[in-house]
Each structure stands twice: as C-alpha cells, then as structure tokens.
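Enquirer: Take this structure, written in structure tokens, and hold onto it; I'll ask about it next.
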Amino acid sequence: MTTFPAICVASSCLRDPEQAAADLARQLSHDHLGCVLFFCSVEYDLPRLGPAMKDIFTGVRVYGCTSAGEITEQGYDRGCISAIGFDTRYFAIDCALIRQLNRFTLQDAQGVIDGLLSTCRDARLAPVKGNTFAITLLDGLSSREELVLATLNAALGTIPQFGGSAGDDERLADTHVYYDGEFHCGAATVMLVNTPLDFRVFSTHHMKPLDEKLVVTRACPESRTVFELNAEPAAEVYARAVGVPIEELDRKVFALRPLGVRVGSNFFIRSIQRVNPDRSLTFYCAVETGIVMVGMTPGSLLDSVRNQIEASERVVGKPLVTIGCDCFLRRLEAEVTGQVEEVSAFLRAHRVVGFNTYGEQFNGMHINQTFTGVVIGQPEFSA
C-alpha cells in the first residue's frame, strides 16, 4: 500500500475473492474513507467478488470495472485488483448506473448529472465550477460508447470528463462495470468527483500520420465493421497498406499500425479489433461509410504521456495521484517492443494507477490507443 494525504492506493493479487477484498480493505480502510474505485481482472470469480467488495467496505461507496490489465503502484500488472481510496475530507463523490445504453437520452443524462451535482453541492467541499470532473466507465463490448458519451457530455457542460471502456483480459467476450455490489454487462457508470484540490484532465496518443489514405466505401456503423476500403475488401487493402500478408494480420500488427481519422488539425485513432472471415474489419471505435482513414505509425510510446503528465504537474504541483486509462494496445506495443519496464518505472514515479482499456473516453469522445486521465495535486500542507 502507498498512502498520501487524502488518497490511499492499494492492490491485491490474492486469487480468492473474499481474501482479495479483505486485503484491499486492510490497506485502504480508515475513519474518513468515503469511496473506493477499483479495476480488476476477469480471472476473479466475479459473482463472489462483487458482494465481497460491498460487504467488506461497509458504508463506503465502491465502483469499478473489469480490465485488460491493471496499473498498480508497481506499474503494469496482470491478474490482480488495483484500487484507490478517497478521503471524504477532500473528495465529494457520487456515481450513477446507466443500464439501457441504447435508449439513453439527453433528458436521462440531465437527470443523472443533476442528481450527482446535488450530492456534491450538499458536501460543501468546493464550488462545482472549476472543482469537479467526471469519470465514465462503460461496457467495452457494448458498441454504445459514442452515443452515451456524447449525451453525457451535453449534460456535463464545462465539467471535464475522462474514462475507459471495461476489458476482459483480451478475451473479447464479457466485460463489466461494477455498481452497488454487482458486476453489470451492457451498462455504464458515471462518477462525479468534486474536490478543493487542483487537478488537470488530459488525453494523449503517440501515433503519427502517414501518407496513405483509405476511404471507407461500405461499412456498418452499428457493428463497427468496415466491409470495403477504396471499394475493395477492407482487410486486403489494409494488409497491402501495412505490408503484411492478410494471413498474418493480428493484434501486434493492429497495435503498431492503426488507422486514424483527422478532425481539424488533430488525428483520432481507430483501432482494428479483428479480421472477419469475409475479409471485413471490425473496429473498437465508430466507423461509417464515407470517412477517410489515414495510416498511422508509432512515435515514442512514453514521450507524449510524459509531456502531458509533466505539463499537468507544472499546473497542479506534486501529484497526489494520477488516475490513468491506458489502451491495452499501447500495453501490447510496450510488450512487443520491450518497453514494459521503462513504462512501469515512469508510471511508478508519477503515482499512476488505473487500468488497460478497450477504448478511452475524453470530453464526450470515444477514442483508441490513447492514454487519458487526471492528475490530482497534493494538499498545500503536504511535503
């Protein structure tokens, strides 16, 4: 366990759910613990872990999701639980569960956000404006992130938001968010955090655009599947563009050679999930007929994150904690290129905890192969 003023960070690799929950409680529990946010591997028996977390943290609000890898106080980890405990003297937090993602309206979003804001105001820790951010966690296989995030963003107004799509250790079968003692599929949570402490929400990626441009000429937005690029089978066109035989297209290729979409002067990554038998491509993010995709290639995996976190620390001071949502394809790249230890050392040094995601979320956008998060500064009296 690592303890800082206002925050406790803990992790457990114990496999038995009740023992793991008790281990986390031993590390996190104190008189002013008000909320716990955790990220866990699906290797755990989730029907047992869910109630175990609720029972062990009596009177404490507990939220979280399953992951495609965890970021603990030691850096990158797997098969464990990473958790953050928030002190009620510094954080007013409330959270809501969204069940029917495909029917989520602006009126629904406004009702959710108004309720969360009421809780934060009642705590009287800090004014809402400039002192509040939102963390969203969504079922990573729901294909509804864009709809829910855009709707929430409209209701949040100027409140910054970040988050991640839940994973399942790269199995691509079953992802969950955690709320009120249970793991839920096909759902999302939105957590509102109000604090007098300084913070900065950020998002960054390290991919650089190449010259090749691929036009989506036939796609199904609902399933995020592209059937044709440049009027040819999508997988064939992509394989030629990256110089790899179609039979050798796999997650490593997808991690190192994603596609991107240009919006204004910025590029947003569209990562490929799989090649289908009909040689179409299914993506982790929104795709539709008519968009122009650009080939992307990696820059420095660490430099963009380092620049953003260090820029944040210049604003908020020495970090209390950085909550990070890091795409699992970035972690795969680190593993393929032998950078895991270097990245882990950086994450440890900058007090980053969080999880590897199936998609990242930033101010209403759903994006891929990025690192999003919040750097929270220490109380002024801290050394």
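Enquirer: According to a simple spin-label model (label point 7 Å from Cα along Cα-to-Cβ), what is the distance in nm between Glu236 and Asp303?
Expert: For Asp303 paired with Glu236, the spin-label model returns 3.8 nm.
Enquirer: While we're on this one: If the rule is a partner Cβ under 4.7 Å, which cysteines in the chain fail it?
Expert: Result for the chain is Cys8, Cys35, Cys40, Cys65, Cys95, Cys120, Cys185, Cys220, Cys285, Cys325, Cys327, no neighbouring Cys Cβ within the cutoff.
Enquirer: Something else: Using protein chains only and a probe of 1.4 angstrom, how many square angstrom of Thr136 are accessible, to the nearest 10?
Expert: Using a 1.4 Å probe on the heavy atoms, I get roughly 0 Å².
Enquirer: What number, in percent, do you get for the relative contact order of the chain if the mean sequence gap of Cα pairs under 8 Å and at least 6 apart is divided by its residue count? Let's see the in-between values first.
Expert: Numbers: 959 pairs, mean separation 79.2, N = 383.
Taking the mean separation of contacting Cα pairs over the length of the chain, I get 21 percent.
Enquirer: Could you tell me which helices of the chain pass both thresholds, a Cα extent of 20 Å or more along their own axis and a mean Kyte-Doolittle hydropathy of at least 0.0, with helices taken as whole DSSP H runs? Write down the numbers at each step before the final one.
Expert: Details: long enough: 106-123 (26 Å, 0.11).
Sorted by number, the helices that extend far enough and score high enough are 106-123.
Enquirer: Once fully extended, how much extra length lies between Arg251 and Asp16, figured as 0.36 nm per residue of separation less the alpha-carbon to alpha-carbon distance? Provide the component values of the computation, followed by the final result.
Expert: Numbers: separation 235, 0.36 × 235 = 84.60 nm, distance 3.09 nm.
Residue separation times 0.36 nm, minus the Cα-Cα distance, leaves 81.5 nm.
Enquirer: What are the residues whose amide H is under 5 Å from the amide H of Asp198, where those residues sit 5 or more places off or on another chain and H is modelled from the backbone?
Expert: For Asp198, whose amide H was placed from the backbone, the distant partners under 5 Å are Gly377.
Enquirer: Rounded to whole Hz and in sequence order, give me ³J(HN,Hα) for the range 36-41 from the Karplus expression 6.51 cos²θ - 1.76 cosθ + 1.60, θ = phi - 60°, writing x for Gly and Pro.
Expert: 10, 10, 9, 9, 9, 6
Enquirer: List the relative contact order of the range 207-298 as a percent without decimals, with contacts defined as Cα pairs under 8 Å and 6+ residues apart.
Expert: On the way: 197 pairs, mean separation 39.4, N = 92.
In percent, rounded to a whole number, it is 43.
Enquirer: Oh, and also: What is the sum of charges around Gly115, taking Lys and Arg as +1, Asp and Glu as -1, for the other residues whose C-beta is under 13 Å from the C-beta of Gly115? Provide the component values of the computation, followed by the final result.
Expert: Numbers: positive: Arg121; negative: Asp94, Asp108, Asp114, Asp122.
My count for the surroundings of Gly115 gives -3.
Enquirer: Counting only heavy atoms of protein chains, what accessible area per residue, in Å², does the chain have with a probe of 1.4 Å?
Expert: On the way: 14780 Å² over 383 residues.
Heavy-atom accessible area per residue stands at 39 Å².
Enquirer: So, one more: Given the whole protein assembly as supplied and a 1.4 Å probe, what does the accessible area of Val62 come to in Å², nearest 10?
Expert: Number for this one is 10 Å².
Enquirer: May I pose another question? Which order do Glu222, Glu232, Glu333 take by accessible area at a 1.4 Å probe, largest first?
Expert: Details: Glu222 125, Glu232 70, Glu333 5 Å².
Heavy-atom accessible area, descending, gives Glu222, Glu232, Glu333.
Enquirer: Place a label point 7 angstrom from the Cα of Val244 along the Cα-to-Cβ direction, then list the residues of the range 276-302 whose backbone nitrogen is under 13 Å away.
Expert: Hits in the range 276-302 for Val244 at 13 Å: 296-298.
Enquirer: Heavy atoms only, probe 1.4 Å: what % of the accessible area of the chain goes to carbon and sulfur, would you let me know?
Expert: Working: 7110 of 14780 Å².
Exposed carbon and sulfur together represent 48 percent of the surface.
The values are calculated or read from the model by the stated rules, or taken from the named source; none is laboratory data. This structure is a prediction, so every number in the text was calculated from the model and none was measured. We place every Cβ from the backbone using ideal geometry, glycine too, and count neighbours over all the protein chains shown. These accessible areas exclude ligands, DNA and RNA; they are computed on the full protein's heavy atoms, side chains included. Shrake-Rupley method; radii C 1.70, N 1.55, O 1.52, S 1.80 Å.
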